[in-house]
Amino acid sequence: MAEIRQRQAPGEKEQVKVPLPSDPKGKRLDKKEIDKKVEQIQTLNVVRLILSLAGLGAVAWFGYKTLYPILSTPSIISDGENLATKISSTSTHKFGKKNQQPLISSEIPSPVGGIKLEADIEKRQAVKDAFIWSWNAYEKYAWGSDEFSPLSQSGSNLTSAGGIGYTIVDSLDALLVLDLIPEYERARDWCKNELSFEKDAVFNTFETTIRILGGLLSAHYLTSVHTNPSIQKDAPIFLDLAVDLGERLLGAFSSPSGLPWSGINLVTRDGIPDRDNQGVASLAEAASLQLELKYLSHLTGDYVYWKKAERVSEIIRGEAVHDGIAPIFISPMNGQFVASEIRLGSRGDSYYEYLLKQWLQTDREEPVYRDMYDEAMGGIKKHLIGQTKKSGLIFTQELHPARHPRDQTQTWQVVPKQDHLVCFLGGSFLLGITEGGKRSIDWNDLDEAQQEDFVVGKGVIESCMKTHETATGLAPEIAMFVQWSDEQRAADEDWYIKPNLNGVLIDGRNILRPETVESLFLAYRSTGDEQYREWGWEVFQAFEKWCKVPSGGYAGIEDVQTVPPKQLDRMETFWLAETLKYLYLLFDDSDHIPLDKHIFNTEAHILPVFKPEYISPFATS
Ligand code: DMJ
């Protein structure tokens, strides 16, 4: 029986075992068994419908606790497996060779292993034009501000203490990659002359690390290897700034457990607990600082950053992670997980992304991260993958702590909800198979685990593309997939957007996020399948059509189902740092930023793969 140990709210000692949904008999299923299971599921539909409705009632009752996990009562578990397995729309997949379809056309040679993919010059230029349209507007209306509002043509800062270069630093490596040298030089001059981290205010530790520290480190790296000697000379500017910021960020790790506090005052260097979530830290936020801090140590020879970052991984590995998947909240006070949702979207996503990338960053010399990654992917495939009835789309779902409707014991409710954020996962699976482009792969001769990873990775990319089949051609922030128990609907549609409740538009928004195009880029570089470029071009054209602001810049939209959509007055910094960078590289030739020599942090900042000079016992354990 699959299960996960779930901790109580801080202060309470008891540990409990919460069963996770899996095949009731706890075994893995092959293709024939899946078909058989589908039949069984169909005959069980009535039972499932009743159970699902009851489950929904339980979740509604449990609602405020899932919103405020730290307030939740102790997780007392019994009989959890029954509800979870019965209402789950998940089957565990095993993709046996016997039934194997050709995974990818055999005429397409695998680019991994040295085959070069040529640039599509026209499309690459179109993406570059979009970047210039965005950057020029920022320069004109909001230069030096952290954020840019393209409709009101103004800028603003994250805090009243002044800007920390949120947009400029986040864009530095993109400016270099797109070869926008005069623009890069103006950004560099701003960093050299204006950027200061002496800001007496609280900044988000994770966002500051991935965007600013990551941006500076990437700018340092790309300038240091630039072919133009005058640009090479800029490298120390960015390293000095990175060290200054890194030292300030160390204050975030002052918690009793060594996990970072969610906030950091850059002047006092005090770590500040997250006020919104009763002081607990997000899994993704605590566990996605490692690539940046470890590279900073590698550059400086000062391993204080490395050790702080690695301690986080050590705590998580030693805590209640079962089958490699974990709740989204963890307490910096005691280093224990708190009863909360298990998901691959917000607050969970980049934890899983960084397991693989940490292993790749140090050239596969820290096996603990590959082990943690493999275990996590196994857990994801076992517990979090669903498939729609209508078209067989593969999607990811969430597990929410819930009460059993019958006896109020705690269990997991399977919720077929997929944040757009999860769309990074498809490309990540392919990156895992190719070991970051280092292994030559015959896509028609994968071992069993690789086949599973390939089918799930490719499937998640396909379902993410399906969520772009809206009036605007853009995907919503959150997609709900139809459960099998919803018989009629499941036969007619694969997914839907939850209706707008109380005027709060969240699910239907598109805020220019990068995750789908990130996966398309990784999938294209890994397989050479032109389908990924075609999809990337479709997504890009939809951004062009609905998000381009006539006076300059691009804006998110309020509802992907409404044409024309209402634009939102915000151009997120990840539009420049990630979305357009990934699109540009998708259409670029594969010699530019080759995958086997680089990793992208979770904000798409480009860092080199390096041989570590320091390896801890944990990393090889
Ligand atoms: C980015 O800031 C990062 O990719 C982060 O990991 C998740 N959210 C945004 C983009 O959607």
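What follows draws every value from the coordinates through simple rules; no lab data is involved. None of these values were measured; they are calculated from a predicted model. Cβ sites come from the backbone with ideal geometry, for glycine too, and all protein chains shown count toward neighbours.
At 1.567 mPa s and 4 °C, plugging the Kirkwood radius over alpha-carbon pairs of region 513-586 into Stokes-Einstein gives what diffusion coefficient in µm²/s? Could you put the intermediate results ahead of the total?
Values: Rh = 12.9 Å.
It diffuses with D of about 101 µm²/s by this estimate.
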- Note on the structure: Residues meeting the amide H criterion for GLY263 (H placed from the backbone, H to H distance under 5 Å, 5 or more places apart or on another chain) are THR205, ILE272, ASP274
- Each residue of region 490-498 in turn: what ³J(HN,Hα) in whole Hz from Karplus with 6.51, -1.76, 1.60 and θ = phi - 60°, glycine and Pro shown as x? 5, 6, 9, 9, 8, 8, 7, 9, 4
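Quick check on the exposure proxy: order SER621, SER428, SER519, SER297 from fewest to most C-beta atoms within 10 angstrom. Present the calculation step by step, with values, prior to reporting the outcome.
Numbers: SER621 11, SER428 25, SER519 30, SER297 22.
Ordered by Cβ neighbours within 10 Å, fewest first: SER621, SER297, SER428, SER519.
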- State whether region 315-427 is rounded, prolate or oblate according to the following rule on the C-alpha gyration tensor (a ≥ b ≥ c being the square roots of its eigenvalues): a/c under 1.5 gives rounded; otherwise a/b larger than b/c gives prolate, and the remaining case gives oblate. oblate
- Quick calc, ASN157 & LYS566: beta-carbon distance into FRET formula, R0 30 Å, rounding 0.05, result 0.70
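Just order 348-357, 586-595 by mean Cβ neighbour count inside 10 Å, highest at the front, would you?
By packing density, highest mean first, the sequence is 348-357, 586-595.
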- Collect residues whose amide H, placed 1.01 Å from N in the peptide plane, falls under 5 Å from the amide H of GLU398; neighbours closer than 5 in sequence don't count. VAL415, LYS417
- Note on the structure: In terms of the alpha carbon gyration tensor, root eigenvalues a ≥ b ≥ c, rounded if a/c is under 1.5 and otherwise prolate when a/b exceeds b/c or oblate, region 123-251 is oblate
- Item | Hydrodynamic radius of region 121-620 per Kirkwood, over alpha carbon pairs, in Å | 23.0 Å
- Query: Once amide H atoms are placed 1.01 Å from N in the peptide plane, what residues at a sequence separation of 5 or more from GLU572, or on another chain, have their amide H within under 5 Å of its amide H?
  - Reply: GLY556
- Task: Post the alpha-carbon centroid distance, region 164-236 to region 531-570, in whole angstrom.
- Result: 27 Å
- Note on the structure: Taking max minus min of the Cα coordinates of region 443-502 on each principal axis, largest first, gives extents in Å of 50, 28, 19
- Query: Across region 297-313, in residue order, what do the Karplus-derived ³J(HN,Hα) couplings come to in whole Hz, using 6.51 cos²θ - 1.76 cosθ + 1.60 with θ = phi - 60° and x for Gly and Pro?
  - Reply: 5, 4, 6, 9, x, 9, 8, 4, 5, 4, 5, 4, 5, 5, 4, 4, 5
- Query: What nm value, rounded to one decimal, do you get for the distance between ILE506 and ASN193 when each label is placed 7 Å out toward the C-beta?
  - Reply: 4.3 nm
- Vicinal HN-Hα couplings computed from phi for region 123-132 (Karplus, 6.51 cos²θ - 1.76 cosθ + 1.60; Hz; Gly/Pro x): 5, 4, 5, 4, 5, 4, 4, 5, 5, 4
